[in-house]
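The values are calculated or read from the model by the stated rules, or taken from the named source; none is laboratory data. From a predicted model like this one, the values you see are computed outputs, not experimental measurements. Neighbour counts are summed over all protein chains in view; Cβ atoms, including those assigned to glycine, are modelled from backbone coordinates with ideal geometry. Heavy atoms of the whole protein, side chains included, go into the accessibility calculation; ligands, DNA and RNA do not. Shrake-Rupley method; radii C 1.70, N 1.55, O 1.52, S 1.80 Å.
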Amino acid sequence: MDGLSLIKAASAIGAGLAMIAGIGAGIGQGYAAGKGAEAVGKQPEAQGDIVRTMLLGAAVAETTGIYGLVIALILLFANPLFG
Amino acid sequence: MDGLSLIKAASAIGAGLAMIAGIGAGIGQGYAAGKGAEAVGKQPEAQGDIVRTMLLGAAVAETTGIYGLVIALILLFANPLFG
Amino acid sequence: MDGLSLIKAASAIGAGLAMIAGIGAGIGQGYAAGKGAEAVGKQPEAQGDIVRTMLLGAAVAETTGIYGLVIALILLFANPLFG
Amino acid sequence: MDGLSLIKAASAIGAGLAMIAGIGAGIGQGYAAGKGAEAVGKQPEAQGDIVRTMLLGAAVAETTGIYGLVIALILLFANPLFG
Amino acid sequence: MDGLSLIKAASAIGAGLAMIAGIGAGIGQGYAAGKGAEAVGKQPEAQGDIVRTMLLGAAVAETTGIYGLVIALILLFANPLFG
Amino acid sequence: MDGLSLIKAASAIGAGLAMIAGIGAGIGQGYAAGKGAEAVGKQPEAQGDIVRTMLLGAAVAETTGIYGLVIALILLFANPLFG
Amino acid sequence: MDGLSLIKAASAIGAGLAMIAGIGAGIGQGYAAGKGAEAVGKQPEAQGDIVRTMLLGAAVAETTGIYGLVIALILLFANPLFG
Amino acid sequence: MDGLSLIKAASAIGAGLAMIAGIGAGIGQGYAAGKGAEAVGKQPEAQGDIVRTMLLGAAVAETTGIYGLVIALILLFANPLFG
Amino acid sequence: MDGLSLIKAASAIGAGLAMIAGIGAGIGQGYAAGKGAEAVGKQPEAQGDIVRTMLLGAAVAETTGIYGLVIALILLFANPLFG
Amino acid sequence: MEEISNLVVFLLEWLDQFDAKTLVSAAAVLAAGFAMIAGIGPGVGQGYAAGKGAEAVGKNQKNTSNITLVMLLGAAVAETSGIFSLVVALILLYANPLVGMEGVAIVIAASVLGAGLSMIAGIGPGIGQGYAAGKGAERVGQRPKYQSVIVRTMLLGQAVGQTTGIYALVVALILLFANPLIG
Ligand code: NA
Ligand code: NA
Ligand code: NA
Ligand code: NA
Ligand code: NA
Ligand code: NA
Ligand code: NA
Ligand code: NA
Ligand code: NA
Ligand code: NA
């Protein structure tokens, strides 16, 4: 077995591990969805402000999931370790 | 054993690991479901707004689970490491 | 031992890992069940709306568990890595 | 040692991993049990509706635990990788 | 080293992993215990109904822990992989 | 290295893994302890009922931790895989 | 297989592991999003202050996710272990 | 493969593991952000005190994430094991 | 390869694992930060006592993170098993 | 490359080049790392107690000393599993009875690893007992005259919540000091 194959094999596992970061955004944004739905039920007249704040906060919460995705894509498609 | 087999074996494990990201959306969207049900019970007249907000927020929470699925499918069906 | 055996062995482990995604839906839907039961106790007259919202939200929360199941079934029954 | 033994060994570990999915239903259904008990204490006259909703929601929350069990049983008793 | 020994070794680890499922029931049933104690303090006259609902819900939450135990016992005492 | 030694080594690790199940009962019973202390402070006259319910629920929550202990003890002291 | 390949393979896995840190910011910032949306619904006139505080707190919560990203990028693009 | 390469490979994995500590600060500080935003919405006149307390508490919560970062940097840039 | 290199490699991984303990203090102290900020908003006149209690409790919560750090530092800088 | 083709055989043969003391020492440093993970529990739990204590002090300032006392007492109980793990880690590093023991190296090394893994169970009691500490402190702030019954219930519940941590400690100590798999 050659060294490059070992690096590629480890990159496949590394890519899978990096995706696990997405657990966070899934929980957090789901919490925001629940609080948003609750708030809209209580103050339907503020629906615009509530949903905007929920989406702004959810966008912030998405970033670390994106970081994980970017590292996984680098490992698969633009891997600097293959040099 | 050739190097390609090792990469394929690691890709199978990487695909399994990537799916674990789905824990997040499952917890988060379930929380949203619970808060949505609670809110509909309290303000049945706002049911449309509540359910819409819940589903919008849940869609946002789904993304990192989808990222994990996409990486798993790439590892299995369009693996760039097999080159 | 041939390379195919190694890929098959890794696929068995990958299938097990993919199922772990189901933790999320189990927690989330159970939360929805609890909130639904609470809401039905408080507003029995809204039972239909409450249960419908709970089930709709729970269906959304099921998806990432299904993704994990699908990847596991692919690894076991339609594995593209065996080629 | 032959390849089949390696696949069988990995299947035993995969079966164990798949069971971990059951953490979710355990937490979620326990939450539902707690909320159900609380609701029954507050509205004993709605006990039937509360318990029915709790059990319906808990049944939904069981599915991903069952998925894990089914994959484990496939790995042990009807393993397609042994071919 | 023979193949059967490897399968037996992996079965011991798989049995240990399967027990981890029990985390869920422990958390969930403990939550139910806490809510049950709280509810009994508030409505001692409904103690019978509260405890019955708590125990019913806890029984439901036990199942995935039992699944894990059953898979572990199969791996140790009735292992179909040894054939 | 002989096969029996590998099985014994894996059994030691499996025993350690099985104990991790105890996380659940620790969290859950601690939650019950907190709710019990809270409830006793509010309704000291219902102390007997509260503590009894808390202990009954905690006993139920202990089981999966015991399952893990039993599997660990089997792996160490009555291991059927050594045959 | 050469030593450098082993280090590179381990670096790919280390990079994947480091991303898991992002779970925290995802959960925490999502919680902040939910509380922010709730607060804006209750006090729309304080929306500016609420969103500013939410974003300030979320920025603080991002740091450990960034640390993980930085370590992953060092492992991939500026790895001091390759010397 | 030489011993130094093995130590370097393990250091890359150890650095990745150490970053996982950051999950805690991410969750905790995000919780503080949410409570801070909520409190500012309720008592805008106390905004200064609220934000100061939130930031002081968040600084305390950062430390274990920093410890993890420091250990990772030592493993990568000032590794005493290479001697 | 010499035995000391294996022990050093394992020490690098052990140091990384030990840091994971820091998750706890991060979550707990962040919770304290959030409750402290909330309490200061409600009772600004008690700010001194609130912050003092928050910091005292947070100091107690730091200890296990410190234990993990100490074990990691021992593994790296004063490892008794290198002898 | 037939010998590499079976990764398990390759790994076992690779490990076989080391003497028993080396393998057990390598396992001991890994196990010390695993054991420390239990520290998550007290961190979460005591932090919860800190938050509830701060909240309670804000609401019932005149009962600050009762609240602080109960918070610290409950948090001390929650520290137990962190201490257990620290002690096991220190035993593994400084007083490891299996380093240099006669027997098959891989069984001894795996026993050391199993002891470290077992200690992770301590996460649970740490979180749970800390929760109880927080609720106890909160309630004592509201009803100081019922402090003794509150604290008694808290301690009783915490004791029940400790058991799975004790089981794990016992299994770890069996693996280290009375190991039926060795010899
Ligand atoms: Na973010
Ligand atoms: Na998302
Ligand atoms: Na979903
Ligand atoms: Na389900
Ligand atoms: Na169940
Ligand atoms: Na149980
Ligand atoms: Na931070
Ligand atoms: Na800290
Ligand atoms: Na502590
Ligand atoms: Na217990």
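Checking each residue in region C:57-66 for being at the interface with chain B (Cβ under 7 Å from one of its Cβ atoms) and of a type outside the set (S, T, N, Q) picks out C:Gly57, C:Ala58, C:Val60, C:Ala61, C:Gly65.
Each row is one residue, and each column tells you yes or no for (1) out of contact with any Gly (no Cβ under 9 Å at 6 or more places or on another chain); (2) within 16 Å of ligand 7 (Cβ to nearest atom); (3) among the hydrophobic types (A, V, I, L, M, F, W, C).
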site	(1), (2), (3)
B:Ala18	no, no, yes
B:Gly30	no, no, no
B:Gly34	no, no, no
B:Ala37	no, no, yes
B:Asp49	no, no, no
B:Thr53	no, no, no
B:Thr64	no, no, no
B:Leu69	no, no, yes
B:Phe77	yes, no, yes
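Pairs are defined by a Cβ separation below 8 Å, a sequence spacing of at least 6 or placement on different chains, a first member in region J:42-62 that is facing another protein chain (nearest Cβ under 7 Å) and touching a residue at least 24 places away in the same chain (Cβ under 8 Å), and a second member that is within 16 Å of ligand 7 (Cβ to nearest atom) and among the charged types (D, E, K, R); the pairs so defined are J:Gly43/I:Glu62. Among the residues of region J:92-118, the ones that are more than 13 Å from chain F (Cβ to nearest Cβ) and β-branched (Val, Ile, Thr) come to 1 in all.
If the condition is being part of a helix (DSSP H, G or I), farther than 10 Å from C:Ile50 by Cβ, touching a helix residue (DSSP H, G or I) at 6+ places or on another chain (Cβ under 7 Å) and more than 7 Å from chain C (Cβ to nearest Cβ), then region B:36-54 contributes B:Ala46, B:Asp49, B:Ile50, B:Thr53.
Within region J:93-107, is there a residue that is in contact (Cβ under 8 Å) with a residue 24 or more places away in the chain, of a type in the set (Asp, Glu) and open to solvent by 40 Å² or more (accessible area, probe 1.4 Å)? Within region J:93-107, one or more residues are in contact (Cβ under 8 Å) with a residue 24 or more places away in the chain, of a type in the set (Asp, Glu) and open to solvent by 40 Å² or more (accessible area, probe 1.4 Å).
Taking the criterion of being crowded, with 21+ Cβ neighbours inside 10 Å and over 19 Å from the mean Cα position of the chain (by Cα), the residues of region J:29-65 that qualify are J:Ala50, J:Gly51, J:Lys52, J:Gly53, J:Ala54, J:Glu55, J:Ala56, J:Val57, J:Gly58.
Taken together, the residues in region F:67-79 that are more than 7 Å from every other protein chain (Cβ to nearest Cβ) and either among the charged types (D, E, K, R) or surrounded by 19 or more Cβ atoms within 10 Å (Cβ to Cβ) (or both) amount to 1. Could you please let me know if C:Ile23 is within 20 Å of the chain's Cα centre (by Cα) and part of a helix (DSSP H, G or I)? It is true that C:Ile23 is within 20 Å of the chain's Cα centre (by Cα) and part of a helix (DSSP H, G or I). Just one of (1) open to solvent by 40 Å² or more (accessible area, probe 1.4 Å); (2) over 27 Å from the mean Cα position of the chain (by Cα) fails for J:Lys21. It is (2). Within region E:20-55, the set of residues being farther than 27 Å from J:Pro125 by Cβ and of a type in the set (D, E, K, R) comprises E:Lys42, E:Glu45, E:Asp49, E:Arg52. Of everything in region J:157-171 that is hydrophobic (A, V, I, L, M, F, W, C) and either at positive phi or within 7 Å of chain F (Cβ to nearest Cβ) (or both), the residue that is farthest from ligand 5 (Cβ to nearest atom) is J:Val171. Counting only residues that are aromatic (Phe, Trp, Tyr) and more than 20 Å from the chain's Cα centre (by Cα), region E:44-83 holds 1 of them.
Going through region F:2-59 one residue at a time, which ones are surrounded by fewer than 24 Cβ atoms within 10 Å (Cβ to Cβ) and either on the phi > 0 side of the Ramachandran plot or touching a residue at least 12 places away in the same chain (Cβ under 8 Å) (or both)? Once the filter is applied, which keeps residues that are surrounded by fewer than 24 Cβ atoms within 10 Å (Cβ to Cβ) and either on the phi > 0 side of the Ramachandran plot or touching a residue at least 12 places away in the same chain (Cβ under 8 Å) (or both), region F:2-59 yields F:Leu4, F:Val51.
Does C:Gly28 meet the test of being within 21 Å of B:Ala32 (Cα to Cα), at the interface with chain B (Cβ under 8 Å from one of its Cβ atoms) and within 16 Å of ligand 2 (Cβ to nearest atom)? The answer is yes for C:Gly28. Only one entry of J:Ala137, J:Ala172, J:Ala133, J:Ala168 meets the criterion of being within 13 Å of ligand 10 (Cβ to nearest atom), touching a residue at least 40 places away in the same chain (Cβ under 8 Å) and either open to solvent by less than 10 Å² (accessible area, probe 1.4 Å) or in contact with a helix residue (DSSP H, G or I) (Cβ under 8 Å, 6 or more places away or on another chain) (or both), and that entry is J:Ala168. None of D:Gly57, D:Gly14 is at pLDDT 95 or above and over 30 Å from E:Pro80 (Cβ atoms) except D:Gly57.
If I filter region J:82-91 for residues that are farther than 30 Å from F:Ser5 by Cβ, surrounded by fewer than 24 Cβ atoms within 10 Å (Cβ to Cβ) and of a type in the set (Val, Ile, Thr), do I get at least one hit?
At the first step, the residues of region J:82-91 found to be farther than 30 Å from F:Ser5 by Cβ are J:82-83, J:86.
Restricting the remaining residues to those that are surrounded by fewer than 24 Cβ atoms within 10 Å (Cβ to Cβ) gives J:83.
Pick out the ones that are also of a type in the set (Val, Ile, Thr) and you get J:83.
The answer is yes, given that some residue of region J:82-91 is farther than 30 Å from F:Ser5 by Cβ, surrounded by fewer than 24 Cβ atoms within 10 Å (Cβ to Cβ) and of a type in the set (Val, Ile, Thr).
Restricting to region E:1-20, name every residue that is within 20 Å of the chain's Cα centre (by Cα) and part of a loop (DSSP other than H, G, I, E, B). Explain how you work it out, then say what you get.
Of the residues in region E:1-20, the ones within 20 Å of the chain's Cα centre (by Cα) are E:11-20.
Correct list: E:Ile20 only.
Here is the figure for region E:26-43: residues that are more than 18 Å from the chain's Cα centre (by Cα) and within 16 Å of ligand 6 (Cβ to nearest atom) total 3.
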